[in-house]
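Chemist: My questions will all concern the structure given below.
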Amino acid sequence: MSNIKLNYSVMNNVLKMMFGCLMLLFSTEAWPQDFETLIFAEKFRANESASIAQTIPSKEKRLSSSQRGVIDIDIKDASIPDSVKICANVAATLWQPYLNNKFPIKIKVFYEDLDTDDDMRVEVIYYPEENVYYPKSLYAQLYDKEMNDENTPVDALIYINKRKPWDCSYNTSINASTRSMTYALMRAIAVSLGFGSSVTQKTIRGKDIIAFSENEGCSIFDEFIFSSQGKYLKDISNIGNRENPELTAFVQPEQGTYLYALKQDDRHKLYAPEKFEIYKSLIYLDNSESLMHYDLKTGTKPFTVDATTVELLNAIGWGLDTPKTVEIVGQGIDDTGMASAYEGHSFSLKKTSGGIISEAQWCYTLSLPNGKDTIISQAVNTLSFQIGAVDDESKYLVNVDGDIPGKIMFTGLLDGKKVEDVFYLSLGLKPQIRAVNIIKKESSTLLDYYNLVFNVEYSGAEMLYVCTEEEYNPEVRRRFVYEPFMAHVFIPNIISFNYAWIDIEAENKYGKELYTIELPPFVEYARTRTSLNQPEIQNKYAYIEVYDDHGRYIRNILQLNELRMQERGLYILKFYTEKGCVKTTKYLKP
């Protein structure tokens with residue numbers, strides 16, 4: 001990524017200019033005039049070596065009851081594909097365990113044609129304090145001040161170039177030419193948090209010079225950059241838009257001299273070639289194990305935030321860690337904070353030292369669909385606290401993991417001094433299959449057969465169980481699809497002349513959800529053929545109740561083929577035997 005000073009006069013997109021003005025040209029009351037906006041531009045390089053694909057870390061490995069950051073991704077534009085929205089929310093989710101911010105980090109995402117050949121661009125607002133510039137989101141945490149209001153609603157803007165071939169999948173298959181959307185967005189979020197130097201290349205009166213982006217001073221990340229000769233970047237004067245030979249020499253080190261951030265070892269070595277590269281120099285690490293490695297290549301899908309990246313962000317201020325004098329403990333809940341939404345839970349308080357607790361107050365909140373918290377229950381003057389099962393899951397935010405985020409908060413006095421703690425809950429629900437989109441039907445290489453490609457958006461499970469059943473065929477094909485959030489499914493060789501049904505099942509320890517796709521014959525003349533010696537499969541259900549997608553009863557049927565005259569759309573089917581209702585499924589007639 002490169003960073004250059006924002007200049008609205010060169011923007012040729014009127015709508016973007018209008019939005020930029022609303023974001024940044026606010027009143028002096030709301031925001032001082034000496035803020036800076038840095039632009040970081042990202043570009044993938046064609047992959048020439050073996051590709052790398054990682055799976056998403058399981059919830060057990062990334063959730064914590066003691067820490068969960070809040071990143072508010074604004075990606076509500078209806079023109080943005082659902083797959084892109086999922087990637088943005090997953091990227092934010094993967095960052096949350098490493099943050100503990102008091103105020104939400106607000107990032108707005110655009111999906112549009114960029115006026116450059118960049119794959120992604122990030123605009124980050126920086127705010128000064130004693131000639132050191134902090135990203136606005138970090139400044140709010142350090143100085144305990146809410147910085148976002150109606151005039152300044154965002155901390156960063158991310159622009160995704162929709163002309164580029166993006167990969168929004170989470171499987172281990174690799175396309176060498178595509179760019180992993182989630183990978184790029186994870187890096188963009190790191191930059192939004194303040195990762196990377198503010199040194200850039202500017203064009204002044206027709207001449208390219210190397211300079212700080214800020215009018216004076218340097219960024220907080222710059223404060224930690226030093227050379228193997230012991231010289232620090234922060235000690236080099238910022239002389240504005242004039243060429244500074246000392247700065248130019250520092251950022252273009254001679255052979256044998258290296259630049260580092262925070263520590264002088266290979267993990268903290270910065271990418272600093274002998275000739276300054278505006279897309280990479282001093283922003284990224286020369287550490288191939290890091291998320292923030294300088295060599296961003298196509299055909300790679302790493303989904304892990306590494307320890308070095310976290311360490312550097314903690315160093316600039318995100319790692320505020322105050323010792324706990326009291327700690328909330330959940331009965332039967334481990335340190336991931338994962339628990340059932342269908343049960344009540346008990347909590348107690350543990351002291352790390354002696355003393356008497358007084359004025360105890362408890363508060364239990366859940367997140368609403370708009371991201372704000374609502375108070376569910378409270379208690380005072382007690383050292384234990386109980387909460388009930390979630391009353392109506394539809395009222396609350398269900399995140400990409402399929403959980404309802406919640407918090408248990410305690411405040412009180414320990415020997416007269418204020419103490420507090422927060423226990424972060426992830427209340428699990430049964431899986432949800434949110435949408436199924438048929439991408440294409442295509443003729444198979446086998447005569448009289450076709451292939452089906454479809455995507456399944458779901459939450460609450462890490463894999464799907466898919467069954468393919470064909471009319472007049474007693475065999476059922478079964479397979480697992482190991483791809484969370486958005487599964488990309490390929491079903492080959494479905495016979496063209498008959499009806500077929502695809503059953504999709506997501507399951508976890510709280511229950512399961514079923515979804516059925518009905519596939520009419522692929523060729524129009526198929527129904528005129530005579531099905532000799534092909535008896536109907538005996539129906540194993542007594543009857544089937546049919547409901548619309550809002551749960552309103554329509555009618556009873558005996559066999560699925562009775563739905564052939566039903567209008568296209570999504571239905572809910574309940575299958576009954578003599579034992580009662582044995583299966584419920586969503587049923588899609590495309």
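Chemist: Only counting other Cβ atoms within 10 Å, I'd like 552, 477, 45 sorted with the fewest neighbours first.
Modeler: 552, 45, 477
Chemist: Also, I was wondering about something else. How would you order 245-252, 296-303 from highest to lowest mean count of nearby Cβ atoms within 10 Å? Present the calculation step by step, with values, prior to reporting the outcome.
Modeler: Details: 245-252: 16.4, 296-303: 20.6.
Going by the mean number of other Cβ atoms within 10 Å, highest first, we get 296-303, 245-252.
Chemist: Tell me, what HN-Hα J-couplings in whole Hz come from the Karplus equation 6.51 cos²θ - 1.76 cosθ + 1.60 at θ = phi - 60° for each residue of region 563-576, using x for Gly and Pro?
Modeler: 7, 5, 8, 6, 4, 5, x, 9, 10, 10, 10, 10, 9, 10
Chemist: Count the lysine pairs in region 43-109 that are 8 or more places apart or on different chains: how many have C-alpha atoms under 17 angstrom apart?
Modeler: The number of close lysine pairs in region 43-109 is 5.
Chemist: OK, next. So what does log10 I(q)/I(0) come out to for region 326-428 at q = 0.10, 0.22, 0.24 Å⁻¹, using the Debye formula with one equal point on every Cα and no solvent?
Modeler: -0.28, -1.13, -1.29
Chemist: Taking the Cβ of residue 426 as the center, what net charge do the other residues with Cβ under 9 Å away carry, scoring Lys and Arg +1 and Asp and Glu -1?
Modeler: Cβ neighbours under 9 Å give a net charge of 0.
Chemist: Tell me which lysines have Cα within less than 16 Å of residue 540's Cα, excluding those fewer than 8 residues away on the same chain?
Modeler: 574, 579, 583
Chemist: Further, regarding this structure: Would you mind computing the Rg to Rh ratio of region 535-589 from its alpha-carbon coordinates, Kirkwood style for Rh? Can you show the working numbers first?
Modeler: Numbers: Rg = 11.1 Å, Rh = 11.6 Å.
Ratio value, two decimals: 0.96.
Chemist: Using alpha carbon centroids, what distance separates region 441-509 and region 195-271, in Å?
Modeler: Taking the Cα centre of region 195-271 as reference, the centre of region 441-509 is 54 Å away.
Chemist: Taking the number of other C-beta atoms within 10 Å as the exposure measure, put 155, 373 in order starting with the fewest.
Modeler: Values: 155 27, 373 17.
Fewest-to-most Cβ neighbours within 10 Å comes out as 373, 155.
Chemist: I'd like to compare 215-222, 463-470: which one has the highest average count of other Cβ atoms within 10 Å, and what's the full order after that?
Modeler: Numbers: 215-222: 21.9, 463-470: 18.2.
Highest mean packing first, the order is 215-222, 463-470.
Chemist: Okay, moving on. In whole percent, what relative contact order does region 86-143 give with Cα contacts below 8 Å and a gap of six or more residues?
Modeler: The normalised contact order for region 86-143 reaches 32 percent.
Chemist: For residue 301, give me every one of the aspartates and glutamates with a C-alpha distance below 14 angstrom, ignoring sequence neighbours fewer than eight places off in its own chain.
Modeler: Hits, sequence-local ones excluded: 167, 289, 483.
Chemist: So how do 120, 338 line up by other beta-carbon neighbours within 10 Å, fewest first? Don't jump to the answer; show the numbers that get you there.
Modeler: Numbers: 120 26, 338 18.
So the residues, fewest neighbours to most, are 338, 120.
Chemist: In degrees, nearest 10, range 0 to 90: what is the angle between the Cα axis of helix 82-95 and the longest Cα principal axis of the chain?
Modeler: Around 50 degrees separate the two axes.
Chemist: Can I ask one more? Per DSSP helix of 4 or more residues, -39500 (n - 2.57); summed, then divided by the residues of the chain. What does that give at 222 nm, rounded to the nearest 500?
Modeler: -3000 deg cm²/dmol
Chemist: Note down the net charge around residue 478, summing +1 for each Lys or Arg and -1 for each Asp or Glu among other residues with Cβ under 11 Å from its Cβ.
Modeler: -2
Chemist: Run the count for region 326-428, please: Lys pairs, Cα-Cα under 23 angstrom, 8 or more apart or on different chains.
Modeler: So the count works out to 11.
Chemist: Would you list, by chain and number, the lysines whose Cα falls below 18 Å from the Cα of residue 234, excluding same-chain residues fewer than 8 positions away?
Modeler: Within the straight-line limit of under 18 Å, residue 234 reaches these lysines: 263, 269.
Chemist: Mind ordering 401-411, 203-213 by average Cβ neighbours within 10 Å, highest first?
Modeler: Details: 401-411: 21.5, 203-213: 14.5.
Per-residue Cβ counts within 10 Å, averaged per peptide and sorted highest first, yield 401-411, 203-213.
Chemist: Treat each spin label as a single point 7 Å out from the Cα along the C-beta direction, and report the residue 576 to residue 204 distance in nm.
Modeler: 8.2 nm
Here, each number is a calculation from the coordinates, and none is a lab measurement. For clarity, every value in this text was computed on a predicted model and none was experimentally measured. Positions of Cβ are backbone-derived with ideal geometry, glycine not excepted, and every protein chain shown enters the neighbour counts.
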